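Notes to accompany the following structure.
Throughout, read-outs are computed from the coordinates displayed, never taken from laboratory work. This one's a predicted model, so the numbers in the text were calculated from it and none came from an experiment. Here the Cβ is made from the backbone with ideal geometry for all residues, glycine too, and neighbour counts use every protein chain on show.
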Amino acid sequence: MKNFLFVLYVSLTISAFGQAQGAPEVTVIRAGTLIDGKSDKPLRDQVIVIRGNKIESVTGSSAAKIPEGATVIDLSQQTVLPGLIDSHTHIFLQGEAPAQGGYDANILNAPLALRAARATVSARRALEQGFTTLRDVETEGAGYGDVGIKQAINAGYIPGPRMFVSTRAISSTGGYPLEGYAPELDMPKGAQIADGPVEARKAAREQLDHGADWIKVYMTHRSWVGKNGELVSQPTFTVEELRAIVDETHGWGKKVACHAYSGIGLHRALDGGCDSIEHGLDLDDAAIAQMLKQGTWYVPTISVYYTDWAPADTPEGKRDRLRASAHEVSFKKALKSGVKIVFGTDMGGIPWTEPIAQEFTRMVDFGMQPMDAIQSATSRAAVMLEMEGKIGIVAPGAYADIIAVPGDPLRDIKTLETVSFVMKDGRVFREK
Ligand SMILES: [Zn+2]
């Protein structure tokens, strides 16, 4: 870690100095293998020319011309990929381990400045691991802090990924923690609470007004094992309430991400027009058919449901295990039927000290082809974010968000946990 910090410092200094010279810097990357984010097959021996923050050309090495004065980065022994996109994170959350006070400690004990400081570290860790774009889906009680972190990254104060932020998120009364305290206490909530279409629309307006790129809605809350051993989820908003949010958000040209586990709340999420289903632990056939018809994105976030299980013989423990087993079935069904699956982790629910790319291994273990898994975190995520051709691809005209790994991720997907090179916007943030 110490070594890396030194490298980061040096490269930031050099970059800042270089940019002060006027004409955009030209950098050339020699890629031994290139997975461009969109093509079905990798390309060998490619030369990527980067001018300023954009990719100018991608050419086979025999035909390539190296511009004079260009800085050449030799990744000829590595696999080069577009910067990765995690479409479900919480930079303001630092794990929910019961031993550390669980979720509540994030809100009850941490001053906002501490939360912001930790969020800057989360953002940097994502970038170090090759995730050059995050869709961060709620600050968990830290207000509009994500808008501030995004501004700090964009202004160059701190290193971090491109951020698509959703600010406070929206749920209904009884639909979000903090909960379980004396009813006389007016406890803070991790999300903005709204009831009725008027309040729901107003909450969306406030969040959009204050900089939300996406609106995050909770369509289910508690879950438990039902009478017949099925996963039951408590629904939150009615279709009418959700439609008010979706209508307002679409009017602003933005999209709605809906947390939905199963049952009534999941179906309301689809009837109300959510653009993405987050988690989708128990997708029945009707839900899958509706997602296909409406073009709904599916961000499954598998890994997080394998953390912090309660003991097996408790109601919570049984629920935790059922969540994971139902999720596996849903993921496989969605994959087989052609639902648009996008990579997301719920980092923050998972401590930021853990590898983000572990989710790739879960996806591949559940039957996804490695190339498909990579595209779910590159070009497919870019389409969801309406950044097609700009991120998630190594091609002329795209932002120069480029990473490399020492091995072959198509043979061993875990290689994506060992990112050795990170460039974002033409600037090198990691090189070892
Ligand atoms: Zn989440």
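With the cut-off at under 19 Å, measuring from each backbone N in the range 254-281 to a point 7 Å along the Cα-to-Cβ line of Arg205 picks out 254-256.
Counted over the chain, the DSSP beta bridges are approximately 45% antiparallel.
Taking the beta-carbon count within 10 Å as an exposure proxy, list Trp352, Trp309, Trp214 from fewest neighbours to most.
Numbers: Trp352 22, Trp309 16, Trp214 26.
Starting with the residue having the fewest Cβ neighbours, the order is Trp309, Trp352, Trp214.
Rank-order 178-190, 109-121 by packing density, defined as the average count of other C-beta atoms within 10 Å over each peptide's residues, highest first. Provide the component values of the computation, followed by the final result.
On the way: 178-190: 11.3, 109-121: 15.1.
Result, highest mean Cβ count within 10 Å first: 109-121, 178-190.
Over all Cα atoms in the chain, the spread is summed up by Rg and Dmax: 21.7, 74 Å. Site pair Ala182 and Val72 shows an inter-label distance of 7.3 nm when each label is modelled 7 Å from Cα along Cα→Cβ. Estimated at 0.36 nm per residue, the fully extended path between Tyr157 and Trp252 surpasses their Cα-Cα distance by 31.3 nm. For the chain, the longest principal axis of the Cα atoms and the long axis of helix 112-128 meet at an angle of about 50 degrees.
So if the hydrodynamic radius of the range 245-307 is defined as the Kirkwood radius over C-alpha pairs, what does Stokes-Einstein give as its diffusion coefficient at 10 °C and 1.306 mPa s, in µm² per second? Spell out each step's value before the answer.
Details: Rh = 12.0 Å.
In µm²/s, the coefficient is 133.
The magnitude of the dipole of the chain, with charges of +1 and -1 set on the Cβ of Lys/Arg and Asp/Glu and taken from the Cα centre, is near 900 debye.
Evaluated at 37 °C with a viscosity of 0.692 mPa s, what Stokes-Einstein diffusion coefficient in µm²/s does the range 13-171 have when Rh comes from the Kirkwood expression over alpha-carbon pairs? Write out the running numbers ahead of the final one.
On the way: Rh = 18.1 Å.
Rounded, D is 182 µm²/s.
Here's the picture: charge each Lys and Arg Cβ at +1 and each Asp and Glu Cβ at -1 in the chain, and of Thr33, Ala324, Gly344 the one pushed furthest to the positive end of that dipole is Thr33. Our analysis of the range 51-96 gives Rg over Rh at 1.17, with the two radii drawn from alpha carbon positions and Rh computed by the Kirkwood formula. Scaled against 2.2 N^0.38 Å for its residue count N, the alpha carbon radius of gyration of the range 282-432 is 1.15.
For the chain, the 222 nm mean residue ellipticity estimated from helices alone, with every DSSP H stretch of n ≥ 4 adding -39500 (n - 2.57) and the total spread over all residues, rounds to -10000 deg cm²/dmol.
A simple rule links phi to the HN-Hα coupling: the Karplus curve 6.51 cos²θ - 1.76 cosθ + 1.60 with θ = phi - 60°, which for the range 315-321 gives x, 5, x, 5, 4, 4, 6 Hz, with x for Gly and Pro.
For the range 54-131, GluC sites (Glu not before Pro) are listed when DSSP marks them as loop and at most 15 other Cβ atoms sit within 10 Å of their Cβ; the list is Glu68. In a fully extended conformation the segment linking Ala64 and Ser337 would gain 94.2 nm over its present Cα-Cα distance, using 0.36 nm per residue. Straight-distance candidates among the lysines for linking to Lys227, with alpha-carbon spacing under 20 Å and chain neighbours fewer than 8 residues away dropped: Lys318. For the chain, the longest principal axis of the alpha carbon atoms and the long axis of helix 196-209 meet at an angle near 20°.
Projecting label points 7 angstrom from Cα along Cα→Cβ for Ser325 and Asn109 puts them 3.4 nm apart. Sorting Ile55, Ile402 by the number of Cβ atoms found within 10 Å of their own Cβ, with the fewest placed first, yields Ile55, Ile402.
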